[in-house]
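Read through the structure below, which is laid out as structure tokens, and then see the notes.
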Amino acid sequence: MACIVNFSAITQPKPQPCFASLPASTSSHRSNSPKLQTSHLSFASNNSRISLRYDRTLAVSPPRETLLSKAPNFMVGLISCFSDHEQIVAAANKPEPLKIMISGAPASGKGTQCELITQKYGLVHVAAGDLLRAEVAAGSENGRRAKQFMEKGQLVPDEIVVMMVKERLLRPDAHKNGWLLDGYPRSSSQAIALKEFGFEPDLFILLDVAEDTLVERVVGRRLDPVTGKIYHLKYSPPETEEIAARLTQRFDDTEEKVKLRLRTHHQNVEAVLSMYKDITVKVNGNLSKNDVFAKIDNVLDELLEQRKAGSGYLEANKA
Ligand code: AP5
């Protein structure tokens, strides 16, 4: 992945034209401009405001992957450059992509809302349950082990699920477009691991649905193996006979199994909620799927508006 940063100088207080490129070996477009080496930059981000610290005394370059993982996506903006050991604070001209978690009891509508959210906002949908089912379908060792827990409606052990989710979140598409984490974390240990890996959400959406509704939704759920779309025989029936004929049912979608999954959910939900209480939005999931989405859409719109208002902002601070 190529990643180039262009900086333009502005006139205060000791203006210097400067140019930085990643990787360090990339040649400058402006041959007589001083180069900021990758070793001299570190990134810190606070929503849309990005700080770049430039220290000429540093000699050792961090690995390129480290810089890329820390670097913001926008990589364009006016930068003010100071003479010695500067701190450069620049504003993004494009807000950071959203990082959202969606949670709720089994069949509360997480997957259904994720389809609608990704269609509109282009976030990368990462569903722990889907990753696990893919492993089960592939017949891998992890899949075989995971299935034993999934059949009992229990949480799959962290040593399987934590790395699986981490690896998916680290892929470039999630970094570039933002992510929508579905059904993860489901325990405080998973939430702590995510934090330690540096994955912090902007918003935690909790779908709140009455328990008897959940059972009805599970039993009537069907999946289209071709498109991956979620249907419900009563609430969201397939559009054509052809689709109806190919629909499948999940192995854990029985009344008996959903009750086990519900019990597991109740045992863990409070521990997870307590870690995200400051950024939690509770949404009434008993409404129709479009009405639920309208509520989520409002919240996401507002979040993006706040981000846009915060970008295009420029300030410079001496370290
Ligand atoms: P997972 O696949 O995540 O299952 P779940 O949490 O039980 O949730 P569901 O996928 O069943 O439901 P959903 O909320 O996505 O609802 P949907 O939109 O499909 O996990 C499965 C298993 O994997 C777990 O039991 C566990 O063993 C393991 N696992 C997963 N994550 C793990 C983790 N982090 N750690 C450890 N283990 C983990 O909707 C359901 C139905 O309702 C559909 O038919 C839909 O059409 C319908 N519907 C949706 N919204 C509405 C609405 N508003 N009105 C009417 N109908 C609606």
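The table below lists the values:
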item: Residue count, segment 126-151 (criterion: more than 8 Å from the ligand (Cβ to nearest atom), in contact with an Asp or Glu (Cβ under 7 Å, 6 or more places away or on another chain) and among the aliphatic types (A, V, I, L, M)); result: 1
item: Any hit, segment 192-214, residues being within 9 Å of the ligand (Cβ to nearest atom), under 22 Å from Thr118 (Cα atoms) and either touching a Cys at 6+ places or on another chain (Cβ under 9 Å) or without any contact (Cβ under 8 Å) to a residue 60 or more places away in the chain (or both); result: no
item: Single match in Val281, Val292 (criterion: assigned to a helix (DSSP H, G or I), at pLDDT 95 or above and under 20 Å from Ile117 (Cβ atoms)); result: Val292
item: Total residues in segment 101-125, condition more than 9 Å from the ligand (Cβ to nearest atom), part of a helix (DSSP H, G or I) and either at pLDDT below 95 or not aliphatic (A, V, I, L, M) (or both); result: 4
item: Yes/no for Thr254 being farther than 30 Å from Ala193 by Cβ and not hydrophobic (A, V, I, L, M, F, W, C); result: yes
item: Residues located in segment 172-191, provided they are away from the ligand (no atom under 13 Å from the Cβ) and either at positive phi or β-branched (Val, Ile, Thr) (or both); result: Gly178
item: Residue match in segment 254-264 (condition: over 25 Å from Leu206 (Cβ atoms), basic (Lys, Arg) and exposed (fewer than 15 other Cβ atoms within 10 Å of the Cβ)); result: no
item: Residue count for segment 232-256, restricted to those that are of a type in the set (A, V, I, L, M, F, W, C) and within 12 Å of the ligand (Cβ to nearest atom); result: 3
item: Residues that are near the ligand (Cβ under 8 Å from one of its atoms) and of a type in the set (Asp, Glu), drawn from segment 152-171; result: Asp158
item: Complete set of residues in segment 197-242 that are assigned to a strand (DSSP E or B) and more than 30 Å from Leu303 (Cα to Cα); result: Arg221, Arg222, Leu223, His232
item: Residues of segment 257-269 that turn out to be closer than 23 Å to Lys295 by Cβ and more than 10 Å from the ligand (Cβ to nearest atom), as a count; result: 1
item: Some residue of segment 247-254 being farther than 29 Å from Glu167 by Cα and at pLDDT 95 or above; result: yes
item: Residue list for segment 135-159, restricted to those being within 22 Å of the chain's Cα centre (by Cα) and surrounded by fewer than 18 Cβ atoms within 10 Å (Cβ to Cβ); result: Pro157, Asp158, Glu159
item: Every pair of residues 6+ apart whose Cβ atoms lie under 9 Å, when the first sits in segment 269-288 and is within 15 Å of Ser188 (Cβ to Cβ) while the second is surrounded by 15 or more Cβ atoms within 10 Å (Cβ to Cβ) and charged (D, E, K, R); result: Val269/Arg186; Val272/Arg186
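The values are calculated or read from the model by the stated rules, or taken from the named source; none is laboratory data. This one's a predicted model, so the numbers in the text were calculated from it and none came from an experiment. In this analysis, Cβ positions are derived from the backbone assuming ideal geometry, glycine residues included, and neighbour counts consider all displayed protein chains.
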